[in-house]
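Heads up: the structure comes next, in structure tokens.
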Amino acid sequence: MSTTYAYAATDASAPLVPFDLERRAPRAHDVQMDVLFCGVCHSDLHQARNEWKNTIYPLVPGHEIVGRVSAVGPNVTKHKVGDLVAVGCMVDSCRTCANCAEGLEQYCESGFVGTYNAMDRVDGRVTYGGYSTQLVVDEAFTLHVPASLDPAGVAPLLCAGITTYSPLRTWGAGPGKKVGIVGLGGLGHMGVKLAHAMGAHVVLFTTSPSKIEDAKRLGADEVVILKNPEEMEAHANSFDLFINTVAAQHDLNPFLSLLKRDGTLTLVGVPEHDHPSPQVFNLILKRRRLAGSLIGGVAETQEMLDFCGRYGITSDIEVIPMQKINEAYERMLKSDVKYRFVVDMDSLRK
Ligand code: NAP
Ligand code: ZN
Ligand code: ZN
């Protein structure tokens, strides 16, 4: 196979730099693709800077991938050369444990194999993600892309989309339910669009007054500036569900207080430092639940893509060349993204 051009982090404090690598030749069930677009997730930044203390350098991030199939192994049945194909946060799992058997590969008892910063189960090599011109992935972890959707806008669905879709489905977002989305970034803006399409009453909680109009355009019925206590209190005891996407440590009590009896606050944001434990009475007195949720399984990811195809949902994106990735990371830290950066991988082929 020809050389794959990529961008990599080489240590926690250095900017990402060009990096060449060799992908494996396709195995029997492998799909080889030219990467067309790759979304920029806040997890990429956490990992590049070793904020979760498990980064293997060099790290090639990227797990919101849309590509075009360039070769297939002899046993592949799901795709053919020329097909548009997508890959998310996982490229393998044990496939036999109870969670894998249920289609919940993200909770694999042996740990799923991440698209980057993980170890391939067959050859033991470190996995490199989608900030690269080519990718080779077992067909079991590839997805079909709805033909009606813009491929660049689809890329962020593979993480930001499924990470919000899955808890919205798990906790029953739909007509008659009041759903709060905290943070209007990559995940949050998908949460607003998806919860709105599911028919819920959607309230967006933001630190950024400049995002109010956008939030309404994206599908929020109401917007709350979360630093304003009166605005918060007006919603006391009224929510069925929160999806909290904030990527920084903060107090969870103000959100718990807004849940009704049996309401659920689901954390999906993974800050470098844990949130302080919330007040116990805030949970006990209304049988409220504090929960977490991790991406979604392969089948649910396909379900989410098909849902987006039906409703015409894609991510609001700013397309950048790979060479601008370090600038994009700095802007993401300032919440200055509308609402997902997507790398046009042709910028690495030139
Ligand atoms: P993002 O685009 O940077 O959005 C995060 C949003 O949080 C910001 O836009 C901002 O929205 C809000 N925010 C408020 N205070 C903040 C602060 N001090 N620092 C940073 N953000 C702040 O990030 P993302 O890609 O959506 O990812 C969000 C988090 O989810 C990250 O921690 C990521 O690692 C995690 N994640 C988890 C999963 C999972 O499976 N659980 C999957 C993917 C990502 P406002 O301006 O509206 O306040
Ligand atoms: Zn992600
Ligand atoms: Zn498993």
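The values are calculated or read from the model by the stated rules, or taken from the named source; none is laboratory data. As the structure is a prediction and not an experimental result, all values here were calculated from the model. Virtual Cβ from ideal backbone geometry, glycine too; neighbours counted across all protein chains shown. Accessible surface areas use protein heavy atoms only, side chains included; no ligands, DNA or RNA. Shrake-Rupley method; radii C 1.70, N 1.55, O 1.52, S 1.80 Å.
Given the conditions (1) part of a strand (DSSP E or B); (2) touching a helix residue (DSSP H, G or I) at 6+ places or on another chain (Cβ under 6 Å), which single one is not true for Ala6?
Against the list (1) part of a strand (DSSP E or B); (2) touching a helix residue (DSSP H, G or I) at 6+ places or on another chain (Cβ under 6 Å), Ala6 comes up short only on (2).
Could you give every pair whose Cβ atoms fall below 6 Å, whose first residue belongs to the range 286-314 and is in contact (Cβ under 8 Å) with a residue 12 or more places away in the chain, and whose second residue is surrounded by fewer than 22 Cβ atoms within 10 Å (Cβ to Cβ) and among the basic types (Lys, Arg), counting only separations of at least 6 or pairs across chains?
From residues that are in contact (Cβ under 8 Å) with a residue 12 or more places away in the chain, the pairs are Lys286/Arg261; Arg287/Arg261.
List pairs: first in the range 11-36 and over 17 Å from Arg121 (Cβ atoms) and part of a strand (DSSP E or B), second modelled with pLDDT under 95 and of a type outside the set (A, V, I, L, M), Cβ under 7 Å, 6+ apart or cross-chain?
Sorted first by the residue in the range 11-36, then by its partner, the pairs are Asp20/Thr3.
Can you report the number of residues in the range 1-36 which are open to solvent by less than 70 Å² (accessible area, probe 1.4 Å), more than 16 Å from ligand 1 (Cβ to nearest atom), under 27 Å from Lys338 (Cβ atoms) and of a type outside the set (Ser, Thr, Tyr)?
6
How about the range 207-223: which of its residues are in contact (Cβ under 8 Å) with a residue 24 or more places away in the chain and within 13 Å of ligand 1 (Cβ to nearest atom)?
Of everything in the range 207-223, those that are in contact (Cβ under 8 Å) with a residue 24 or more places away in the chain and within 13 Å of ligand 1 (Cβ to nearest atom) turn out to be Thr207, Ser208, Lys211, Asp214, Ala215, Leu218, Ala220.
Looking at the range 315-328, is at least one residue more than 11 Å from ligand 1 (Cβ to nearest atom), crowded, with 21+ Cβ neighbours inside 10 Å and either under 26 Å from Ala200 (Cα atoms) or among the acidic types (Asp, Glu) (or both)?
Within the range 315-328, the subset more than 11 Å from ligand 1 (Cβ to nearest atom) is 316-327.
Then keep just the ones that are crowded, with 21+ Cβ neighbours inside 10 Å; that gives 317, 322, 325.
Keeping just the survivors that are either under 26 Å from Ala200 (Cα atoms) or among the acidic types (Asp, Glu) (or both) gives 317.
Within the range 315-328, one or more residues are more than 11 Å from ligand 1 (Cβ to nearest atom), crowded, with 21+ Cβ neighbours inside 10 Å and either under 26 Å from Ala200 (Cα atoms) or among the acidic types (Asp, Glu) (or both).
Filter the range 53-75 down to the residues that are within 16 Å of the chain's Cα centre (by Cα) and part of a loop (DSSP other than H, G, I, E, B), then identify the one that is nearest to ligand 3 (Cβ to nearest atom). Walk me through it before giving the result.
Narrowing the range 53-75 to residues within 16 Å of the chain's Cα centre (by Cα): 61-66.
Among the residues that remain, those that are also part of a loop (DSSP other than H, G, I, E, B) are: 61-64.
Working: Pro61: 24, Gly62: 23, His63: 19, Glu64: 23 Å.
Within the range 53-75, the match that is nearest to ligand 3 (Cβ to nearest atom) is His63.
Please report, ordered by residue number, the helices (runs of 4 or more DSSP H) entirely within the range 91-199 with at least 2 residues that are within 14 Å of ligand 1 (Cβ to nearest atom).
Details: elements: 98-101, 151-154, 160-170, 186-197.
Here the list reads 160-170, 186-197.
Out of the residues in the range 60-74 that are touching a Lys or Arg at 6+ places or on another chain (Cβ under 9 Å) and touching a residue at least 40 places away in the same chain (Cβ under 8 Å), which is surrounded by the most Cβ atoms within 10 Å (Cβ to Cβ)?
Just the residues of the range 60-74 that are touching a Lys or Arg at 6+ places or on another chain (Cβ under 9 Å), to begin with: 64, 69, 72-73.
Then keep just the ones that are touching a residue at least 40 places away in the same chain (Cβ under 8 Å); that gives 64, 72-73.
Values: Glu64: 33, Val72: 21, Gly73: 16.
In this case the residue turns out to be Glu64.
So Asp240 fits all but one of (1) in contact (Cβ under 8 Å) with a residue 60 or more places away in the chain; (2) within 13 Å of ligand 1 (Cβ to nearest atom); what number is the exception?
Only one criterion in (1) in contact (Cβ under 8 Å) with a residue 60 or more places away in the chain; (2) within 13 Å of ligand 1 (Cβ to nearest atom) is unmet by Asp240, namely (2).
Do you know which residues across the range 90-118 are more than 15 Å from ligand 3 (Cβ to nearest atom) and not hydroxyl-bearing (Ser, Thr, Tyr)?
So in the range 90-118, the residues more than 15 Å from ligand 3 (Cβ to nearest atom) come out as 115-117.
Listed by number, the list holds a single entry, Asn117.
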